[in-house]
Amino acid sequence: MKLLMIYCERFAYQPVSKTLEDFPEINEGAAFEESLVAFIQTEEADEQNMKPVETKLVKNLKWGAKKNNTRKVVLHSFAHLSESKAEPHFTKELFDKAEARMKNAGYECEQTPFGYFLDIDVKAPGVSRARIFKSF
């Protein structure tokens, strides 16, 4: 898994084009303030290790949120961090499980529409803790 976390003063998106037909139709955008946005790429090897990968993802999200003094997290599928890609349904299931665990731990957690290219608007401060990359 590749995980790029960016703390955003503002993060907004608008769906532009659907790329995966198996997923719901979504036309509405959304905006988030003072949130940790996680750009996540699951890799083929992750499919053999759902539980450990899920645990590492949640642990890193909590750590990144704490470093940036926020309890708001946005999960975004970003299949541009590695050449290896997991199957889309695996990735979506992992996101759903991570979101549920984050919410159970008292975080606000949302997902961007899965299987879409999005117009995004990012306003992120120029501090080192606002950008964190992990590979596991």
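Listing for the model above:
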read-out: Check on residue 58, out of contact with any Cys (no Cβ under 8 Å at 6 or more places or on another chain) and surrounded by fewer than 16 Cβ atoms within 10 Å (Cβ to Cβ); value: no
read-out: All positions within region 86-105 that are farther than 21 Å from residue 67 by Cα and crowded, with 18+ Cβ neighbours inside 10 Å; value: 86, 91, 92, 94, 95
read-out: Total residues in region 41-86, condition of a type in the set (Phe, Trp, Tyr) and closer than 22 Å to residue 18 by Cα; value: 1
read-out: Verdict on residue 2 being charged (D, E, K, R), touching a residue at least 24 places away in the same chain (Cβ under 8 Å), out of contact with any helix residue (DSSP H, G or I) (no Cβ under 9 Å at 6 or more places or on another chain) and within 16 Å of residue 136 (Cα to Cα); value: yes
read-out: All positions within region 120-135 that are closer than 10 Å to residue 8 by Cα and part of a helix (DSSP H, G or I); value: 130
read-out: Qualifying residue in region 53-64 (condition: without any contact (Cβ under 8 Å) to a residue 40 or more places away in the chain and touching a strand residue (DSSP E or B) at 6+ places or on another chain (Cβ under 7 Å)); value: no
read-out: Residue in region 106-119 that is out of contact with any strand residue (DSSP E or B) (no Cβ under 9 Å at 6 or more places or on another chain), of a type outside the set (Lys, Arg) and surrounded by fewer than 16 Cβ atoms within 10 Å (Cβ to Cβ) present; value: yes
read-out: Selection within region 34-60 - in contact with an Asp or Glu (Cβ under 7 Å, 6 or more places away or on another chain) and not β-branched (Val, Ile, Thr); value: 34, 47
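Each value in this text was obtained by applying a stated rule to the coordinates, not by laboratory testing. What you see is a predicted model, and the numbers here were worked out from it, not measured in a lab. When we count neighbours, we look across all protein chains shown, and the Cβ atoms used for this are built from the backbone with ideal geometry, even at glycine.
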